[in-house]
1. Within the bounds of the stretch 232-242, is there any residue that is of a type in the set (Val, Ile, Thr), surrounded by fewer than 18 Cβ atoms within 10 Å (Cβ to Cβ) and either part of a loop (DSSP other than H, G, I, E, B) or at negative phi (or both)?
2. Six or more apart or on different chains, Cβ under 8 Å: which pairs go from a residue in the stretch 108-120 that's under 15 Å from GLY143 (Cα atoms) and among the aromatic types (Phe, Trp, Tyr) to one that's part of a helix (DSSP H, G or I) and at pLDDT 95 or above? Could you list them?
3. Among the residues in the stretch 75-93, are any on the phi > 0 side of the Ramachandran plot, touching a His at 6+ places or on another chain (Cβ under 8 Å), assigned to a helix (DSSP H, G or I) and free of Cβ contacts under 8 Å to residues at least 60 places away in the same chain?
4. Restricting to the stretch 252-274, name every residue that is in a loop (DSSP other than H, G, I, E, B) and in contact with a strand residue (DSSP E or B) (Cβ under 8 Å, 6 or more places away or on another chain).
5. Given the conditions (1) in contact with a strand residue (DSSP E or B) (Cβ under 8 Å, 6 or more places away or on another chain); (2) surrounded by 13 or more Cβ atoms within 10 Å (Cβ to Cβ); (3) farther than 24 Å from VAL81 by Cα, which single one is not true for LEU277?
Amino acid sequence: MPKKGSDLLDTSEIREALQEQTVTIPFGPRLPAIGQGTWHIGDQPATRDQEINALRSGLDLGMKIIDTAEMYGEGKSEKLVGEAIKGRRDEVYLVSKVYPHNAGKGDIERACDRSLERLGTDYLDLYLLHWRGRVPLAETVAGMEKLREAGKIKRWGVSNFDTEDMEELIQVPNGRNCAVNQVLYHLGSRGIEYDLLPWHLDQEIPIMAYSPLAQGGSLRRELTTNKTVTEIAAKHEVTPLQIALAWTLRSGRVISIPKAGQEQHVRANAEAAAIQLSKDDLQQLDEAFPPPTRKMPLDII
């Protein structure tokens, strides 16, 4: 797609860009590389209609992945997502997550049933273990497989797993059925590039990047004010955050799920799929935000 200013992209061009920027889930479909996150969405009744409209506008643009969790607002996010997708379930690749303490025998099925009820659906496309807890991985995987066999989920994966966790996971029975690992990843947090991301590329298990635009605060401000980022954004006639989001997609094996509770932000996120960063752009960004040269602790928020 030719370079355009974001205000010049119409809906059909955005949809086309999202259809070109895709990642294939193991044992699953090819998906747009940009989805919709919902952390903190549904927390405030005053913004409920705005957030529902934002999610629906994302679906209109072709951002079919909607990611939520039972932890988000203790179910409030799932309820809002359920309202947003009502009558449009077949357009959505629906992802939710289970608390670690709910990931054991029996508990995981009950937790999944509660999520399904809040979401107003009878199945999830992808169900993730939110982070690793005390329940043995083999027990959680067995529970996930039982849910899959029952038709309550189509695929399962994990979140916040580092390399050693993933290596252990694939050794348990059916552990290789893991479809994705969702971790923190953005231009200011590149630790996974040292060993976790290469491991995933080798195993052909996609990474799903949460908070790809940083989770507010000083890191996000750094992304929007950094001289290199702003200059590259000006060259492409887009915003610094759109450059940061496009950067996360460069490997072709990462799905990014930025949160956006307003329609204009959702559209800006979708437009990032049309940005083609050059080798020179990427080199400059590497100089401004150097990749790791040693093993780093996995960033988690």
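1. Within the stretch 232-242, not a single residue is of a type in the set (Val, Ile, Thr), surrounded by fewer than 18 Cβ atoms within 10 Å (Cβ to Cβ) and either part of a loop (DSSP other than H, G, I, E, B) or at negative phi (or both).
2. none
3. No, every residue in the stretch 75-93 fails to be on the phi > 0 side of the Ramachandran plot, touching a His at 6+ places or on another chain (Cβ under 8 Å), assigned to a helix (DSSP H, G or I) and free of Cβ contacts under 8 Å to residues at least 60 places away in the same chain.
4. Hits for the stretch 252-274 are GLY252, ARG253, PRO258, ALA260.
5. So the condition that LEU277 fails would be (1).
Listed here are the residues, each with its yes/no results for (1) out of contact with any Ser or Thr (no Cβ under 9 Å at 6 or more places or on another chain); (2) buried (at least 23 other Cβ atoms within 10 Å of the Cβ); (3) of a type in the set (Phe, Trp, Tyr).
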residue: ILE65; (1), (2), (3): yes, yes, no
residue: MET71; (1), (2), (3): no, no, no
residue: LYS79; (1), (2), (3): yes, no, no
residue: GLU83; (1), (2), (3): yes, no, no
residue: ASP90; (1), (2), (3): yes, no, no
residue: SER96; (1), (2), (3): no, yes, no
residue: HIS101; (1), (2), (3): yes, no, no
residue: GLY104; (1), (2), (3): no, no, no
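The values are calculated or read from the model by the stated rules, or taken from the named source; none is laboratory data. This is a predicted model, so every value here is computed, not measured. Counting neighbours? That spans all protein chains shown, and the Cβs are built from the backbone with ideal geometry, glycine included.
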